[in-house]
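The values are calculated or read from the model by the stated rules, or taken from the named source; none is laboratory data. Since the structure is predicted, the reported quantities are computational estimates derived from the model, not experimental observations. So basically every Cβ, Gly included, is an ideal-geometry build from the backbone, and we count neighbours across all protein chains shown. Protein only, heavy atoms only, side chains kept; ligands, DNA and RNA dropped before computing areas. Shrake-Rupley method; radii C 1.70, N 1.55, O 1.52, S 1.80 Å.
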Amino acid sequence: MRKLRAGVLISGRGSNMMSLIEAARAQEYPVEIRCVVSNRPDAKGLEHAVSQDIATKVIDHQAYASRETFDAELGRYLASQSLDLVACAGFMRFLGPALVAEWRGRMLNIHPSLLPAYPGVRTHERAIADGVKVHGCTVHQVTADLDGGPIILQTQVPVLPGDTPETLAARVLKEEHRIYPKALAMVARELQAKTST
Ligand code: GRF
């Protein structure tokens with residue numbers, strides 16, 4: 001069965017992107033990473049992608065007058081790459097309903113909390129402030145509802161006494177790197193099964 005083609009959207013460091021690229025090196029992994037798109041020209045992850053011989057594209061949101069024109073350009077680029085799947089990995093732009101609808105069921109995101117708890121930003125700081133004992137990360141389908149799409153996979157980590165947002169983020173990030181490749185493979189295998197029947 002052919003590998004499905006995925007594009008990865010990033011805005012920064014790109015460590016989740018790297019975990020997907022690494023997983024996709026395995027012959028039996030059902031997805032190949034075809035391109036990496038950043039909305040920020042200075043995203044560190046772009047250098048890693050180049051070093052792995054992955055095509056990169058910058059679509060700088062600041063160069064677009066509106067969310068709709070940015071989304072339209074991003075949508076055109078993704079379509080031009082003949083992708084089956086899109087994985088948002090630290091992509092810090094809200095995508096509008098039109099683009100999200102085009103990719104329904106085929107666009108994933110990783111979020112650093114146990115959704116539906118703590119959608120949005122500063123998740124680790126908020127979890128510590130609330131005194132929760134369990135935190136974690138979630139891979140979910142992207143819908144027009146910010147961080148609200150159907151959950152594919154999530155995993156928990158303990159919040160330890162003395163944790164700072166940084167120590168907690170590091171514990172969660174390890175789990176992100178473990179579950180994102182798993183979740184992407186799960187979705188890809190489901191799509192493959194649907195198209196082969
Ligand atoms: C991750 O914690 C991700 O869940 C969040 O932003 C961070 C991005 O890290 N949305 P990286 O760019 O994948 O290293």
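Please go through (1) modelled with pLDDT under 95; (2) exposed (fewer than 14 other Cβ atoms within 10 Å of the Cβ); (3) away from the ligand (no atom under 15 Å from the Cβ) for ALA144 and return the number of the only condition it doesn't satisfy.
The one condition ALA144 does not meet is (2).
Can you name the residue in the range 15-43 that is surrounded by 14 or more Cβ atoms within 10 Å (Cβ to Cβ) and farther than 22 Å from LYS3 by Cα and, of all such residues, is nearest to the ligand (Cβ to nearest atom)?
SER15
So is VAL37 more than 24 Å from ALA170 (Cβ to Cβ) and in a strand (DSSP E or B) or not?
When the stated conditions are applied, VAL37 passes them.
Being part of a loop (DSSP other than H, G, I, E, B), surrounded by fewer than 16 Cβ atoms within 10 Å (Cβ to Cβ) and among the charged types (D, E, K, R) is the filter here; which residues of the range 92-133 pass it?
Those that are part of a loop (DSSP other than H, G, I, E, B), surrounded by fewer than 16 Cβ atoms within 10 Å (Cβ to Cβ) and among the charged types (D, E, K, R): ARG104, ARG122, LYS133.
Can you work out which of the residues in the range 151-197 that are open to solvent by 50 Å² or more (accessible area, probe 1.4 Å) and under 14 Å from the mean Cα position of the chain (by Cα) is nearest to GLN27 (Cα to Cα)?
Filtering the range 151-197 for residues that are open to solvent by 50 Å² or more (accessible area, probe 1.4 Å) and under 14 Å from the mean Cα position of the chain (by Cα), the one nearest to GLN27 (Cα to Cα) comes out as LYS182.
Going through the range 59-76 one residue at a time, which ones are assigned to a helix (DSSP H, G or I) and open to solvent by less than 30 Å² (accessible area, probe 1.4 Å)?
Hits for the range 59-76 are PHE70, ASP71, LEU74, GLY75.
Being closer than 23 Å to SER82 by Cβ, open to solvent by 70 Å² or more (accessible area, probe 1.4 Å) and within 16 Å of the ligand (Cβ to nearest atom) is the filter here, so list the residues in the range 49-58 that pass it.
Across the range 49-58, the qualifying residue is only VAL50.
Name the residue that is farthest from the chain's Cα centre (by Cα), counting only residues in the range 134-147 that are part of a strand (DSSP E or B) and aliphatic (A, V, I, L, M).
Here the answer is VAL134.
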